[in-house]
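Undergrad: Handing you a structure now.
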Amino acid sequence: AMRIERACADAWPAQVDEPLGGWRLRAAGGFTGRANSALALDDPGLPLPDALAAVCDFAHQHAIPPMLQAVQNSPVERELPRFGWRPCDDHAAGNDVAVLLGPAVPPDAVPAATPGTGPADHRVEVLAEPTTGWWELTVGRTLPTAAERAVLTGGGPVGYGVTTGPAGTRAAVRGAVADDLLLVARLAVHPEYRRKGLARALMAAIGTWGGRHVAEACVLQVSADNAAALALYERLGFREHHRYRYWAPCEDRTR
């Protein structure tokens, strides 16, 4: 789990990323929990209460709420309630996250053509730079914030998969390779083009791109209550490797 979490952190880079022993203190203007939490892996090099205080101090310096990302049932997570920290069960994207591991290129990833669609509907380009249509489908705007741009264009190598038609971008995905692992994220399909096999086509294309960049396996981070996504990825050969949660202090005593 530690190797996968470190690779995911490298493939989803925060604007600020500082070591605290084996932990990583991260901030990115509040854009995503992954980029604005302390990744609690291994030994922080301090007694746990002091490490947690350092997490809070760092968060205050960067104007974000103190938050910790911990692997479920890890030694660190089991200790957190004792020091007044609680799971962030109100986290907007869900606080029970399944980390899935699968083949870099999913077998049989592209289905037979859906009636009413042609081969062009499933043609995915993987680009070195995001297009305005990719931004619009991914973050809801053609112009990203500085934090969004830093996270989504940082790390590397990074590929941006898009499927376009006369009306614009139909589907988009981001892939980034770190430590021979391909992290796939921000898979989005325009509502008018869902249930036509585009998600499978995106996974095939970004997986093929990752394979060209020496990725040996693919990693996905999916909310554990997203049954539709989990079912899709299971069909593509993915299996749950571990889970993580976010934690916050019940009372922030460092302010």
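The values are calculated or read from the model by the stated rules, or taken from the named source; none is laboratory data. Just so you know, these numbers come straight off a predicted model, no measurement behind them. Neighbour counts are summed over all protein chains in view; Cβ atoms, including those assigned to glycine, are modelled from backbone coordinates with ideal geometry. The accessibility values were calculated without ligands, DNA or RNA, using every heavy atom of the protein model including side chains. Shrake-Rupley method; radii C 1.70, N 1.55, O 1.52, S 1.80 Å.
Undergrad: Restricting attention to region 8-23, which residues are crowded, with 21+ Cβ neighbours inside 10 Å and touching a strand residue (DSSP E or B) at 6+ places or on another chain (Cβ under 7 Å)?
TA: Residues satisfying the conditions are CYS8, ALA9, ALA11, TRP12, ALA14, TRP23.
Undergrad: When you scan region 132-143, how many residues do you find that are on the phi < 0 side of the Ramachandran plot and either open to solvent by 80 Å² or more (accessible area, probe 1.4 Å) or not in a helix (DSSP H, G or I) (or both)?
TA: Residues in region 132-143 being on the phi < 0 side of the Ramachandran plot and either open to solvent by 80 Å² or more (accessible area, probe 1.4 Å) or not in a helix (DSSP H, G or I) (or both): 5 in total.
Undergrad: Can you tell me which of ARG239, ARG200 is farther than 22 Å from ASP180 by Cβ, open to solvent by 10 Å² or more (accessible area, probe 1.4 Å) and of a type outside the set (A, V, I, L, M, F, W, C)?
TA: ARG200
Quick grid of which residues meet (1) in contact (Cβ under 8 Å) with a residue 60 or more places away in the chain; (2) open to solvent by 20 Å² or more (accessible area, probe 1.4 Å); (3) within 17 Å of GLU125 (Cα to Cα); (4) small (Gly, Ala, Ser):
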site	(1), (2), (3), (4)
LEU152	no, no, no, no
GLY155	yes, yes, no, yes
THR169	no, yes, yes, no
LEU183	yes, no, no, no
GLU192	no, yes, no, no
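Undergrad: Which of the residues spanning region 138-167 are closer than 19 Å to ARG6 by Cα and of a type in the set (A, V, I, L, M, F, W, C)?
TA: Passing the criteria: ALA150, VAL151, LEU152, VAL158.
Undergrad: Please state which of the following conditions GLU234 fails to meet, knowing it meets all the rest: (1) under 18 Å from the mean Cα position of the chain (by Cα); (2) loosely packed, with under 15 Cβ neighbours inside 10 Å; (3) of a type outside the set (Gly, Ala, Ser); (4) not in a helix (DSSP H, G or I).
TA: Just one mismatch for GLU234, condition (4).
Undergrad: List the strands (runs of 3 or more DSSP E) inside region 144-209, counting only whole elements, that have at least 2 residues being of a type in the set (S, T, N, Q).
TA: Where strands (runs of 3 or more DSSP E) fall fully within region 144-209 and carry at least 2 residues being of a type in the set (S, T, N, Q), they are 158-165.
Undergrad: May I ask you to say which residue of PHE58, PHE31 is in contact with a Leu (Cβ under 8 Å, 6 or more places away or on another chain) and either closer than 28 Å to LEU236 by Cα or modelled with pLDDT of 95 or more (or both)?
TA: PHE58
Undergrad: List every residue pair whose Cβ atoms sit under 6 Å apart, with the two residues 6 or more apart in sequence or on different chains, where the first one lies in region 81-95 and is free of Cβ contacts under 8 Å to residues at least 12 places away in the same chain and more than 17 Å from ASP50 (Cα to Cα) and the second, anywhere, is open to solvent by less than 20 Å² (accessible area, probe 1.4 Å) and not aromatic (Phe, Trp, Tyr).
TA: Partner pairs satisfying both residue conditions: ASP89/ASN95.
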